[in-house]
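One structure is given here, and the rest of the page talks about it.
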Amino acid sequence: MKLTVRETKKAIKNNQTVKFTLERNNARELTSNKKYYKRYVKAIVKTVKSFYPALDSSYILSELERYEILPNISRFDEEGYLIRYGKQRYVTAQTFEVTDNKIYWVKFDYNDDYFIVDEYLGMKLDSDVAVSDPFTNHFAILANDPNVLFHVTDEELLPLFLKLSMKSNGTFNIAVDESIFAGTKSKMMSLDKQNFVRKEYAEEIKTIQNKIVEANKVITPLYEELTTKFNDKVIKSQKVVSSKVVRASFNELSEKFHKEISKKLGLNLGYYSVALSSEIRWPQEGEYGGALYREYDGTMCVQSDLADRYIEKNYSKEIKAIKAEIDKLNKKLGAKSPIQFEISYGVSVGDKTSNIYAAISLKKLPEEIDAKYFNKMEKLFK
């Protein structure tokens with residue numbers, strides 16, 4: 001559970017273990033800037049020491065360097081990469097805890113009590129990065145992007161350095177420039193007020209949405225339980241069922257067939273199908289006997305006749321075995337049954353993968369089916 005400053009101090013006072021984690025120590029925008037990375041490190045050490053006054057600042061720094069949570073600035077190249085064994089790397093260690101006045105690297109776990117050290121760090125920013133208003137310290141303008149006026153309530157939208165300058169009292173620790181904001185006090189104060197009003201409304205909406213989510217947690221299982229019960233009772237009371245009812249039931253029952261046939265033939269289970277081939281990563285045009293091609297917009301598509309020809313040639317054994325199992329089911333249904341099964345197969349292609357699949361399918365159904373054939377179908381898969 002995420003803790004506040006007060007909750008963290010209370011937990012430490014009660015000898016409870018608290019994990020301290022950093023979220024931005026691997027940001028290349030920060031690690032490539034020596035001036036501000038040093039400030040970041042100093043602010044982190046100061047924050048940790050505020051929780052453990054007995055720890056010496058130099059000890060905190062040396063241990064966080066040793067665990068590569070805060071590597072020395074000399075270990076980063078100009079691009080902000082950590083150089084390890086002559087290769088560019090990212091900082092991966094981010095979490096530690098203090099036990100018996102000793103710092104230890106630990107793995108992060110959301111289920112543990114943790115404090116985000118660099119969430120409200122309050123790192124000082126000079127005017128070379130940003131400037132703040134002299135009235136509230138709630139506004140900031142970036143030197144490299146002066147077209148945007150940021151407000152403290154825009155937390156999720158704030159650029160990295162502005163986030164690092166945020167203090168726990170809800171202000172920026174940024175250099176003030178009175179000349180830039182001269183003559184704007186009344187408008188800035190009004191804008192500041194309305195930003196906080198908007199935030200209150202957003203919080204109200206969030207609260208309502210959370211209440212809806214909680215209500216749905218109760219509604220959904222009850223709805224599913226009752227509709228399933230009503231569905232079964234209505235169907236059993238009818239002498240004739242619609243093709244829609246047959247298809248809905250078949251979609252559930254077909255998964256049992258796919259599981260059984262994949263196990264029997266030693267194949268992998270796919271999505272509502274059996275996977276005849278392993279996935280191809282980053283499929284290219286011309287795969288599967290020329291079946292794959294790209295449209296003018298770059299979308300990968302399948303020419304079905306070429307795909308069928310390729311599958312029938314290279315997977316005839318598997319196709320024959322699946323057909324045989326389907327024929328057994330059709331025989332049990334009987335020749336008079338309007339419900340009949342057949343095999344379908346093809347190439348499934350996405351943005352990153354593709355594979356060959358086969359599945360049991362329904363042949364064309366009449367609009368209405370005698371309930372006795374529907375019941376017979378359901379018994380096949382039980």
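Laboratory data are not the source of any read-out in this text; all were calculated from the coordinates shown. Here the structure is a predicted model, which means the values were calculated and not measured. Neighbour counts run over all protein chains shown; Cβ positions are idealised from the backbone, glycine included.
Restricting the chymotrypsin sites (Phe, Trp or Tyr not before Pro) of segment 296-335 to loop positions (DSSP other than H, G, I, E, B) with no more than 12 neighbouring Cβ atoms within 10 Å leaves Y296. Panel order for I339, I356, by other beta carbons found within 10 Å of each beta carbon, from fewest to most: I339, I356.
Where the only charges are on Cβ atoms (+1 Lys, Arg; -1 Asp, Glu), what is the dipole of segment 237-281 about its Cα centre, to the nearest 20 debye? So the magnitude is around 140 debye.
Straight-line cross-link reach from K239 at under 19 Å between alpha-carbon atoms covers these aspartates and glutamates, not counting any fewer than eight positions away in the same chain: E367, E368, D370, E378.
Taking the square roots of five times each eigenvalue of the Cα gyration tensor of segment 1-148, the equivalent ellipsoid has semi-axes of 27, 22, 13 Å, listed largest first.
Positive end of the dipole of segment 50-186 (Cβ unit charges, origin at the Cα centre): among M123, H138, V176, the Cα lying farthest that way belongs to M123. Here D133, D232 are placed in order of increasing Cβ neighbour count within 10 Å, fewest first, which gives D232, D133.
The structure shown yields P(r) over Cα pairs in 20 Å bins from 0, in percent, and of the options [x] 19, 30, 31, 20, 1; [y] 28, 61, 11, 0; [z] 27, 57, 16, 0 that calculated value carries the label [x]. Residue pairs exceeding 21 angstrom between C-alpha atoms, taken from K259/K364; K236/K263; K332/K364; K263/K323; K244/K323: K259/K364; K236/K263; K244/K323.
Treating only the Cβ of Lys, Arg, Asp and Glu as charged (+1, +1, -1, -1), what charge dipole size does the chain show about its Cα centre? Round to the nearest 20 debye.
That gives the chain a dipole magnitude of about 1540 debye.
Note down the net charge around I208, summing +1 for each Lys or Arg and -1 for each Asp or Glu among other residues with Cβ under 14 Å from its Cβ. Local net charge: -2. Annotation note: chymotrypsin sites (Phe, Trp or Tyr not before Pro) in segment 50-107 located in DSSP loop regions with a Cβ neighbour count of at most 11 within 10 Å are Y85. In plain terms, the residue of K328, K124 with the fewest other Cβ atoms within 10 Å comes first and the most crowded comes last, giving K328, K124.
Annotated for segment 71-214: lysine pairs at least 8 residues apart or interchain, Cα distance under 23 Å, count 13. Between the amide H of L276 and those of I356, Y357, A358, distances stay under 5 Å, these residues lying 5 or more places away or on another chain, with hydrogens modeled in the peptide plane. Straight-line cross-link reach from K13 at under 16 Å between alpha-carbon atoms covers these aspartates and glutamates, not counting any fewer than eight positions away in the same chain: E97, D100, D113. Computed over the chain with a Gaussian network model linking Cα atoms closer than 10 Å, the most mobile of I261, I174, I60 is I261.
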